[in-house]
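Participant: Quick one: the structure is below, and I'll ask about it shortly.
All of the numbers you see were taken from the coordinates with simple rules; none came from a lab. All figures in this text were calculated on a predicted structure; none of them were measured in a lab. Cβ sites come from the backbone with ideal geometry, for glycine too, and all protein chains shown count toward neighbours.
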């Protein structure tokens with residue numbers, strides 16, 4: 001079971017998708033540029049079957065900002081977008097109000 005201390009280790013912030021490109025080596029992945037309010041980061045996300053690029057640009061999403069960078073099929077990912085999925089598909093977690101970029105999710 002996770003404790004509140006475990007949860008506090010995650011840096012969950014609001015970021016905005018600025019650019020979306022298809023991953024050159026994977027048909028389920030996008031390579032996204034997101035704005036955290038402090039910097040732009042590249043994130044690789046497995047959401048290509050659920051969203052078209054034009055559905056993502058400009059959206060505010062929840063980003064796990066303190067993950068160790070990973071190379072996914074040749075592209076570096078500096079964070080992870082949070083999403084839920086079930087038999088009906090995938091849904092990105094997004095704030096329901098316009099909050100500032102970089103706002104912590106608590």
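Participant: Could you please rank 54, 11, placing first whichever residue has the fewest other Cβ atoms within 10 Å of its Cβ?
Facilitator: Values: 54 8, 11 13.
With the fewest neighbours first, 54, 11 line up as 54, 11.
Participant: Among 17, 57, 71, which one shows the biggest mean-square fluctuation in a GNM of the chain, springs joining Cα atoms closer than 10 Å?
Facilitator: Of 17, 57, 71, the most mobile in the Gaussian network model is 71.
Participant: Using Cβ counts within 10 Å as a stand-in for footprinting exposure, how do 105, 61 rank, fewest first? Please list the in-between numbers first.
Facilitator: Numbers: 105 16, 61 23.
Ordered by Cβ neighbours within 10 Å, fewest first: 105, 61.
Participant: Further, regarding this structure: Taking springs between alpha-carbon atoms closer than 10 angstrom, which of 93, 32, 63 fluctuates most in the Gaussian network model of the chain?
Facilitator: 93
Participant: So how far, in whole Å, is the C-alpha centre of region 78-106 from the one of region 18-76?
Facilitator: 12
Participant: Right, something else. Compute the distribution of all C-alpha to C-alpha distances in region 64-106, in bins of 5 Å from 0, and list the percent of pairs in each, rounded to whole numbers.
Facilitator: Spelled out bin by bin, region 64-106 gives 5, 16, 20, 20, 21, 15, 4 percent.
Participant: Moving to a separate point now. Quick check on the chain: helices-only [θ] at 222 nm, where DSSP H runs of length 4 and up contribute -39,500 (n - 2.57) each and the sum goes over total residues. Nearest 500, please.
Facilitator: On the way: 2 runs with 9 residues, N = 106.
It lands at -1500 deg cm²/dmol.
Participant: Where does the chain land on Rg(C-alpha)/(2.2 N^0.38 Å)? Don't skip to the answer; put the middle values down first.
Facilitator: Numbers: Rg = 13.6 Å, N = 106, 2.2 N^0.38 = 12.9 Å.
Cα Rg divided by the expected 2.2 N^0.38 Å: 1.05.
Participant: Could you calculate the contour length gain from residue 25 to residue 64, that is, 0.36 nm times the residue separation minus the distance between their Cα atoms, to one decimal place in nm?
Facilitator: Numbers: separation 39, 0.36 × 39 = 14.04 nm, distance 2.36 nm.
Residue separation times 0.36 nm, minus the Cα-Cα distance, leaves 11.7 nm.
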